[in-house]
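The values are calculated or read from the model by the stated rules, or taken from the named source; none is laboratory data. These numbers were taken from a predicted model, which means no experiment stands behind them. Please note: Cβ atoms are built from the backbone with ideal geometry, for glycine as well, and neighbour counts cover all protein chains shown. For the accessible areas, the whole protein counts, side chains as well, though only heavy atoms, and no ligand, DNA or RNA atoms are used. Shrake-Rupley method; radii C 1.70, N 1.55, O 1.52, S 1.80 Å.
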Amino acid sequence: MSEIKEFSFQDVAEHNTKKDCFLVVHDKVYDCSKFIDEHPGGEEVILDVAGQDASEAFEDVGHSDEARESLDELLVGTLKRQPGDPAPKATPATKTANSGNADSTGLGIGLYGVVLIGGIIGYVGYQYLQNQQQQQSA
Ligand code: HEM
(Lines give C-alpha, C1' and ligand atoms only; values in the text may rest on other atoms or scores of the structure.)
Protein backbone atom coordinates (compact mmCIF):
# COMPACT_ATOMS: atom_id res chain seq x y z
CA MET A 1 0.00 0.00 0.00
CA SER A 2 1.29 3.40 -0.92
CA GLU A 3 1.26 6.01 1.79
CA ILE A 4 -1.50 8.59 2.11
CA LYS A 5 -0.50 11.94 0.65
CA GLU A 6 -2.04 15.32 0.15
CA PHE A 7 -2.81 16.32 -3.41
CA SER A 8 -3.79 19.65 -4.85
CA PHE A 9 -6.37 19.88 -7.62
CA GLN A 10 -3.54 20.42 -10.08
CA ASP A 11 -1.75 17.27 -8.92
CA VAL A 12 -4.89 15.20 -9.44
CA ALA A 13 -5.62 16.76 -12.82
CA GLU A 14 -2.30 15.45 -14.16
CA HIS A 15 -3.50 11.87 -13.70
CA ASN A 16 -6.14 11.85 -16.40
CA THR A 17 -5.26 8.95 -18.66
CA LYS A 18 -6.34 5.33 -18.60
CA LYS A 19 -2.94 4.13 -17.39
CA ASP A 20 -2.63 6.88 -14.84
CA CYS A 21 -6.06 7.74 -13.59
CA PHE A 22 -6.89 9.56 -10.35
CA LEU A 23 -10.37 10.46 -9.18
CA VAL A 24 -11.60 12.62 -6.32
CA VAL A 25 -14.61 11.37 -4.39
CA HIS A 26 -15.62 13.39 -1.33
CA ASP A 27 -12.24 15.07 -1.07
CA LYS A 28 -10.33 11.81 -1.13
CA VAL A 29 -8.03 10.89 -3.97
CA TYR A 30 -8.28 7.43 -5.55
CA ASP A 31 -5.95 5.79 -8.04
CA CYS A 32 -8.22 3.94 -10.47
CA SER A 33 -5.51 2.98 -12.97
CA LYS A 34 -5.71 -0.72 -12.12
CA PHE A 35 -9.40 -0.75 -11.32
CA ILE A 36 -10.56 0.94 -14.53
CA ASP A 37 -10.59 -2.34 -16.51
CA GLU A 38 -12.56 -4.07 -13.77
CA HIS A 39 -15.17 -1.35 -13.27
CA PRO A 40 -18.63 -2.92 -13.77
CA GLY A 41 -19.91 0.38 -15.16
CA GLY A 42 -17.21 0.41 -17.87
CA GLU A 43 -14.03 2.38 -18.39
CA GLU A 44 -15.64 5.21 -20.36
CA VAL A 45 -17.46 6.69 -17.38
CA ILE A 46 -14.31 6.64 -15.27
CA LEU A 47 -12.24 8.21 -18.05
CA ASP A 48 -14.83 10.98 -18.35
CA VAL A 49 -14.00 12.13 -14.84
CA ALA A 50 -10.32 11.13 -14.75
CA GLY A 51 -8.25 13.72 -12.91
CA GLN A 52 -11.41 15.45 -11.68
CA ASP A 53 -13.89 15.54 -8.83
CA ALA A 54 -16.10 12.51 -9.50
CA SER A 55 -18.18 12.77 -6.30
CA GLU A 56 -21.35 13.76 -8.10
CA ALA A 57 -20.99 11.14 -10.84
CA PHE A 58 -20.23 8.50 -8.23
CA GLU A 59 -23.25 9.40 -6.09
CA ASP A 60 -25.62 9.81 -9.06
CA VAL A 61 -25.16 6.15 -9.93
CA GLY A 62 -26.13 5.08 -6.42
CA HIS A 63 -23.17 2.79 -5.97
CA SER A 64 -23.57 -0.06 -3.50
CA ASP A 65 -21.78 -0.38 -0.16
CA GLU A 66 -19.56 -2.91 -1.85
CA ALA A 67 -18.53 -0.28 -4.40
CA ARG A 68 -17.75 2.10 -1.54
CA GLU A 69 -15.62 -0.53 0.10
CA SER A 70 -13.62 -1.04 -3.09
CA LEU A 71 -12.92 2.69 -3.01
CA ASP A 72 -10.91 2.16 0.19
CA GLU A 73 -8.50 -0.11 -1.62
CA LEU A 74 -7.79 2.56 -4.21
CA LEU A 75 -7.17 5.40 -1.77
CA VAL A 76 -3.87 7.20 -2.31
CA GLY A 77 -4.43 10.48 -0.51
CA THR A 78 -6.62 13.39 0.39
CA LEU A 79 -7.43 16.46 -1.60
CA LYS A 80 -6.00 19.72 -0.32
CA ARG A 81 -8.36 22.40 -1.44
CA GLN A 82 -6.90 25.77 -2.21
CA PRO A 83 -8.56 29.13 -2.78
CA GLY A 84 -9.82 29.30 -6.34
CA ASP A 85 -10.38 25.55 -6.66
CA PRO A 86 -13.81 24.44 -7.85
CA ALA A 87 -16.22 23.94 -4.96
CA PRO A 88 -16.91 20.38 -3.79
CA LYS A 89 -19.25 18.85 -6.32
CA ALA A 90 -21.04 16.52 -3.96
CA THR A 91 -22.84 19.31 -2.15
CA PRO A 92 -26.09 19.79 -4.05
CA ALA A 93 -25.70 23.59 -3.81
CA THR A 94 -25.14 24.75 -7.38
CA LYS A 95 -27.25 22.41 -9.44
CA THR A 96 -30.37 22.27 -7.32
CA ALA A 97 -30.21 25.93 -6.30
CA ASN A 98 -30.25 27.10 -9.90
CA SER A 99 -32.87 24.93 -11.51
CA GLY A 100 -34.82 22.83 -9.03
CA ASN A 101 -35.26 25.26 -6.17
CA ALA A 102 -36.22 28.26 -8.26
CA ASP A 103 -38.93 26.28 -10.02
CA SER A 104 -40.25 24.61 -6.94
CA THR A 105 -40.41 27.93 -5.07
CA GLY A 106 -42.50 29.35 -7.91
CA LEU A 107 -44.75 26.33 -7.80
CA GLY A 108 -44.85 26.51 -4.01
CA ILE A 109 -46.16 30.07 -4.02
CA GLY A 110 -48.64 29.14 -6.76
CA LEU A 111 -49.91 26.25 -4.69
CA TYR A 112 -50.22 28.42 -1.60
CA GLY A 113 -52.26 30.85 -3.66
CA VAL A 114 -54.62 28.14 -4.89
CA VAL A 115 -55.08 26.71 -1.41
CA LEU A 116 -55.65 30.17 0.05
CA ILE A 117 -58.20 31.21 -2.57
CA GLY A 118 -59.93 27.82 -2.27
CA GLY A 119 -60.08 28.32 1.48
CA ILE A 120 -61.57 31.81 1.18
CA ILE A 121 -64.19 30.70 -1.36
CA GLY A 122 -65.08 27.75 0.87
CA TYR A 123 -65.36 29.97 3.96
CA VAL A 124 -67.48 32.64 2.23
CA GLY A 125 -69.71 29.97 0.68
CA TYR A 126 -70.20 28.31 4.07
CA GLN A 127 -71.10 31.60 5.72
CA TYR A 128 -73.54 32.36 2.91
CA LEU A 129 -75.27 29.01 3.28
CA GLN A 130 -75.48 29.41 7.03
CA ASN A 131 -77.08 32.84 6.57
CA GLN A 132 -79.58 31.44 4.11
CA GLN A 133 -80.50 28.63 6.47
CA GLN A 134 -80.96 31.09 9.34
CA GLN A 135 -83.19 33.28 7.17
CA GLN A 136 -85.29 30.29 6.12
CA SER A 137 -85.79 29.01 9.64
CA ALA A 138 -86.55 32.52 10.99
C1 HEM B 1 -13.22 4.59 -8.18
C2 HEM B 1 -14.48 4.84 -8.19
C3 HEM B 1 -15.52 3.80 -8.50
C4 HEM B 1 -15.69 2.54 -7.99
C5 HEM B 1 -14.84 1.85 -6.93
C6 HEM B 1 -16.85 1.97 -8.66
C7 HEM B 1 -17.34 0.72 -8.43
C8 HEM B 1 -18.46 0.19 -9.01
C9 HEM B 1 -19.05 -1.09 -8.70
C10 HEM B 1 -18.50 -2.08 -7.67
C11 HEM B 1 -20.15 -1.23 -9.46
C12 HEM B 1 -21.13 -2.43 -9.48
C13 HEM B 1 -22.46 -2.01 -8.92
C14 HEM B 1 -22.36 -1.60 -7.46
O15 HEM B 1 -21.82 -2.38 -6.65
O16 HEM B 1 -22.83 -0.49 -7.14
C17 HEM B 1 -20.25 -0.05 -10.28
C18 HEM B 1 -21.25 0.18 -11.21
C19 HEM B 1 -21.38 1.32 -11.94
N20 HEM B 1 -20.57 2.42 -11.89
FE21 HEM B 1 -18.96 2.66 -10.73
N22 HEM B 1 -17.35 2.89 -9.53
C23 HEM B 1 -16.57 4.02 -9.46
C24 HEM B 1 -16.73 5.19 -10.13
C25 HEM B 1 -17.72 5.43 -11.02
C26 HEM B 1 -17.92 6.69 -11.70
C27 HEM B 1 -17.06 7.94 -11.50
C28 HEM B 1 -18.97 6.54 -12.50
C29 HEM B 1 -19.48 7.64 -13.38
C30 HEM B 1 -20.64 7.82 -13.80
C31 HEM B 1 -19.48 5.17 -12.35
C32 HEM B 1 -20.54 4.61 -13.01
C33 HEM B 1 -21.04 3.36 -12.79
C34 HEM B 1 -22.22 2.82 -13.46
C35 HEM B 1 -23.04 3.53 -14.52
C36 HEM B 1 -22.43 1.57 -12.91
C37 HEM B 1 -23.60 0.65 -13.22
C38 HEM B 1 -23.26 -0.47 -14.10
C39 HEM B 1 -24.48 -1.33 -14.32
O40 HEM B 1 -25.28 -1.49 -13.39
O41 HEM B 1 -24.60 -1.86 -15.42
N42 HEM B 1 -18.68 4.53 -11.44
N43 HEM B 1 -19.22 0.79 -9.98
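Heavy atoms only, 1.4 Å probe, whole protein assembly: order 64, 8 by accessible area, highest first.
Solvent-accessible surface, decreasing: 64, 8.
How much of residue 63 can a 1.4 Å solvent probe reach, expressed as accessible area in Å² and rounded to 10?
Answer for residue 63: close to 40 Å² accessible.
How would you rank 73-82, 127-136, 51-60, highest first, on the average number of other Cβ atoms within 10 Å across their residues?
51-60, 73-82, 127-136
Regarding the stretch 1-40, what's the average projected area of the Cα-atom convex hull, expressed in nm²?
Reported value for the Cα convex hull: 3.3 nm².
Probe radius 1.4 Å, ligands and nucleic acids left out: which of 121, 46 has the largest accessible area, and how do the rest follow?
Sorted descending by solvent-accessible area, the residues read 121, 46.
Relative to the compact globular guide of 2.2 N^0.38 Å, what is the alpha carbon radius of gyration of the stretch 5-79, as a ratio?
After normalising by residue count via 2.2 N^0.38 Å, the value is 0.97.
Along the Cα→Cβ direction, 7 angstrom out, place labels at residue 38 and residue 5. What is the inter-label distance in nm?
Those two pseudo-labels are separated by 2.2 nm.
HN-Hα J couplings of the stretch 62-78 from phi, Karplus 6.51/-1.76/1.60, θ = phi - 60°, integer Hz, Gly and Pro as x?
Rounded to whole hertz, the list is x, 4, 6, 4, 4, 4, 5, 5, 5, 4, 3, 6, 9, 4, 10, x, 10.
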